[in-house]
Amino acid sequence: MKSKSILVVEDEKKILEVIQAYLKNEGFDVLIAEDGENALEIINREQVHLVILDLMLPKISGEDVCRKIRTMSDIPIIMLTARSEEDDKIEGLAIGADDYMTKPFSPRELIGRVRALIRRSYREEQPLADFLSYNHGDLEVDVKRMLVKKNGDILNFTPNEFKLLYVFLVNPGQIFTREQLIEKAFGYDYDGFDRTIDTHIKNIRQKIENDPKNPVYILTVYGMGYKFGGGK
């Protein structure tokens, strides 16, 4: 597994040190924050792959930190809390946590959950063949040369349009939000707005669909995002 960056948000120094030591021993890069305000600052400036988040924090509560993270990212979150009531767990998951552990907890179990969540969230994309053909040659993609053809004619694709199409091709059937498409196609440092994805999608459809208003390749999943639906 490639090294991933874990943000640990915990104001109890001893617990923070134990978690940090276990994570480093497992090969993870570790960032630490002792309050909610600092946690959000780190997320805004660093690449973070998973957050271990205590609920009882100074300045900004863990619940509010979780809500704020969910407005800008789908980073996996494991909540830590001394509260063990079922309603508390349900509330934590409802506001965006992916997993929930109550104190005291086993550091080894925490590491196991971190690894499982990392595996589920960052599956390696399957490599593509150099040349792909869909619907009996209606749509053809030369991956190495970054060429897209429709009925044998080369289409004029911008680099960003090709990057976006590539994300769909390597993840057939998977639904992506606009934010996820930005992250996968253009990276964390992309300066555009998420609605620019809609413009790119519209332009791609104009080029590859027989009827852009009734697409068969890039499909809209209402209330969720987009997915690739083209059959080979």
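What per residue convex hull volume, in Å³, do the alpha-carbon atoms of the stretch 15-166 yield?
Convex hull volume per residue, Cα atoms: 160 Å³.
Structure shown: which of Lys24/Lys103; Lys14/Lys59; Lys207/Lys227; Lys13/Lys103 lie over 23 Å apart, alpha-carbon to alpha-carbon?
Details: Lys24/Lys103 21 Å; Lys14/Lys59 20 Å; Lys207/Lys227 17 Å; Lys13/Lys103 14 Å.
Result: no pair exceeds 23 Å.
Grab the DSSP H runs of the chain that are 4 residues or longer, score each as -39,500 (n - 2.57), total them, divide by all residues and round the 222 nm result to the nearest 500 deg cm²/dmol. Let's see the in-between values first.
Working: 8 runs with 92 residues, N = 232.
-12000 deg cm²/dmol, from helical runs alone.
Quick query: amide H of Ile218 versus all other amide H atoms, modeled in the peptide plane; which residues come in under 5 Å with a sequence gap of 5 or more or a different chain?
Answer set, sorted by chain and number: Gly229.
Each residue of the stretch 150-155 in turn: what ³J(HN,Hα) in whole Hz from Karplus with 6.51, -1.76, 1.60 and θ = phi - 60°, glycine and Pro shown as x?
10, 6, x, 8, 6, 9
What are the residues whose amide H is under 5 Å from the amide H of Ile52, where those residues sit 5 or more places off or on another chain and H is modelled from the backbone?
Those qualifying (amide H under 5 Å, at least 5 residues apart or on another chain) are Leu7, Val8, Val9, Ile78.
Taking loop as defined by DSSP and a crowding limit of 12 other beta carbons within 10 Å, which trypsin sites (Lys or Arg not before Pro) in the stretch 136-170 fit?
Lys144, Arg145
Relative contact order of the stretch 19-84: what whole-number percent is it, with Cα pairs under 8 angstrom and at least 6 residues apart?
Numbers: 59 pairs, mean separation 20.7, N = 66.
After rounding, I find 31 percent.
Rounded to the nearest percent, how much of the accessible area of the chain (1.4 Å probe, protein heavy atoms only) is carbon and sulfur?
About 48 percent, which is the carbon plus sulfur part of the accessible surface.
The values are calculated or read from the model by the stated rules, or taken from the named source; none is laboratory data. Predicted model, so just to flag it, every value in this text is computed and none were measured. When we count neighbours, we look across all protein chains shown, and the Cβ atoms used for this are built from the backbone with ideal geometry, even at glycine. Heads up: the accessible areas ignore ligands, DNA and RNA and are worked out on the full protein's heavy atoms, side chains in. Shrake-Rupley method; radii C 1.70, N 1.55, O 1.52, S 1.80 Å.
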